[in-house]
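Just below is one structure, and these are the notes that go with it.
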């Protein structure tokens, strides 16, 4: 969930940085975690560790152009095992209205089609 100040900051960043030669960049960083209480944590293979570990996956959208760069949006990816367990979500502070969305359906992904219309392109990384 994005706050009003984060939305305003992102809009201001794009206004001052936007250029026709700029690029949107989307990536899915993997963060190793101990335990199972961090939002979105699950056991999965990670290239970072080179084996199956507890980890979170993020979805990050950034913009880079000749005038600078800015982080525009970020989310923690919630796997189905989390969204199907509402008690676990509530304990971790995840609102009831947040459901499962794959990476292509996330909030950060919503900006990608709009970005293509006004800038040179979108770069992506399937972490």
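Here are the numbers for this structure:
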| read-out | value |
| --- | --- |
| Percent RCO, i.e. relative contact order, over the stretch 35-89, from Cα pairs under 8 Å lying at least 6 residues apart | 28 |
| Gain in span if fully extended, residue 71 to residue 97, counting 0.36 nm per residue against the direct Cα distance | 6.8 nm |
| Virtual spin-label span in nm between residue 31 and residue 81, 7 Å along Cα→Cβ | 1.8 |
| Gain in span if fully extended, residue 90 to residue 45, counting 0.36 nm per residue against the direct Cα distance | 13.6 nm |
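Values in this text are rule-based calculations from the coordinates and carry no lab data. On a predicted model such as this, the values are computed, not experimentally measured, just so you know. Reconstructed Cβ throughout: ideal geometry from the backbone, glycine too, with neighbour counts over all protein chains shown.
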